[in-house]
Structures are given as C-alpha cells and as structure tokens.
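Peer 1: First, the structure itself, so that you have it in front of you.
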Amino acid sequence: MSDSTRFGHVAIVGRPNVGKSTLVNRLVGQKVSITAPKPQTTRHRVTGIVTEARGQIVLIDTPGLHEGGKDALNRQLNRTARSALEGVDLVLFMVQAGQFNAEDAAVSRLLAHLDVPVVLVVNKVDLVNDKTELLPFLARVGEAGEFAEIYPMSARRQRGLEGLVDLAFRYLPEGAPGYDEDQVTTAPVRFMAAEIVREKLARSLHDELPYQTTVMIERFEDTDRLVTIGAVIYVARAGQKGIVIGNRGSRLKTVGQQAREAIEHLLEKRVMLDLWVKVADDWADDERSVASLGYQLPE
C-alpha cells in the first residue's frame, strides 16, 4: 500500500432495526454481525474491517440506541452503543427513509455533543413507494442536527455502498492499516459461534422471547479436522425453556442444525455442536447476571 493510505474508525449508530448490521455485512463483503427482524439483535460492539488499496476502514456496529427499556440489559446495551462513539473519526447516523421518530431524535441530540463529523445515512430508500416524498423527508431530517452530509441508500438492495465507502475514506486521517488485509473482524471465533446460535434462535422464535434469551459457549475445542462446541442457551423463566426446546426437541434440533452449518461455513471445517437450555431467572433485569453472561464493556 502507498504512503498516502488512510486508516480510521467509523461508528454506525441509530435506533434499533434501521439496518446497521446489514450495512456492516454488505460493506465488509461477508457476515460479521448477526441480523434478524427483531429488536436488539445486535447486543455487542462488533467490528467489520474494509481493506482497499487506498486504506482501511474499521466499522463499528452498535446495539440500537433506544428509550423506554429500563432493565439491566437495556441499560448495558445503551452504554455499549455510547462507548462506541469514543475515539472514532467519523459517525454514520443511520435512520430509515420516511421514518424519524422520538428515538431517532434522541440519538441526534446525543450526537450533537461530538467533535467528529456525523453523516446522516438514510437507509431503506427502496421501501419508499412515493419517491416524491423522499426529498422533503431528507430536507426535514437534515434540520434535526449538524450533519456533515446526508446520504440516502439501501443496504439491503446494495445501492449506494461504493459511494458510502468513498465518503468514509474522505473523512479518515492518513495512516497505515491497523490489521492484516485479509482480516474482516476483530471478534474471536468463540464469540462468532455464540452469535450465530443466537441469530438462528432469534429467527425461529416470536414476539419478545428472543430478547429474553442469550447464548454462552462453555466448550470450544478446535482440532485439525473438527471443532467441538458446547453452547448453553439461557432463558429468563422456566416456562420459556419448553418453547426454546420445542415439541420433542424439534426447535432446538432445527436451530442446532442451522447454526452448525453456518459455523462450518465460517470456519471451513466440520463442526460438532451441542446445545443445552438453562434457566437464569430474570437474567436481563439483574446487573450481575447481565455481566456474567458476557454483556460488559471491553477493558
């Protein structure tokens, strides 16, 4: 790479379900952050690394900033999202085209105190049926904060991705890459395996139950030919255990099969995955339980 390469960190923030994780995955070119059509699917600060000849962008995917949730997990998710704003070179504030609600406004107020550029990324423009409404919407939301630029796009349809990368590079300082060119995330494999199980679980459950489940890896043995993983799915109440397991274990078996195949694709080797379901009473509303189950800010 040339001496004029650029390197920096870009935080992607916004309320839940505006497409932050989908954007990170599309920009990186492979899945580094799990996705599901459920609130609070992203619970950790996840990095995705984009490497080109002109430099390297470290994308930071964050939990959705939200109001109303008062339990310990909600508080920790908000802390995690806010912490991702520290030490970054650029912030992408993502909203959904045609929608700007009280949670969006709250995020905008939080970002007003930053001393780094904030670009308003208006995602899901493909879902706006009447395109004549788009320009007035862009003008209206542009008044909600001091934004360096406003950028409409569609991460799901992969429209505007190259332009967004060009935009990000313009705001990054000159510097040498911080990671190997073939590295796509800083997340350890154990973490990725747990997230994959949680994603498959979230996609198979309904209503609020996915929010009250979490996954911990208790065994991870990697050999030349086989990776053996033992994972525990924690639920908040005894009555939820049967729902996760399903009739005669059907749901747990399906989740396990889907997760195993995805982990095998990630690791490019055979995986043996064992899943158990345990009850951690009201874990999401207990600070110690939330911390012990992996929801802590990095040191």
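Taken together, the values in this text are just the output of simple stated rules run on the coordinates, not laboratory data. What you are looking at is a predicted structure, and each value in this text was computed from that prediction instead of being measured. No Cβ is skipped: glycine too gets one built from the backbone with ideal geometry, and neighbour counts run over all protein chains shown.
Peer 1: Beyond 20 Å between alpha-carbons counts as too far, so tell me which of Lys20/Lys124; Lys241/Lys269; Lys20/Lys253; Lys31/Lys241; Lys31/Lys253; Lys20/Lys200 fall in that bin. Walk me through the numbers before you get to the answer.
Peer 2: Values: Lys20/Lys124 11 Å; Lys241/Lys269 31 Å; Lys20/Lys253 30 Å; Lys31/Lys241 29 Å; Lys31/Lys253 23 Å; Lys20/Lys200 18 Å.
The answer is Lys241/Lys269; Lys20/Lys253; Lys31/Lys241; Lys31/Lys253.
Peer 1: How many nm separate the modelled label positions at Asn101 and Arg159, each set 7 Å beyond the Cα in the direction of the Cβ?
Peer 2: So the two model labels end up 2.4 nm from each other.
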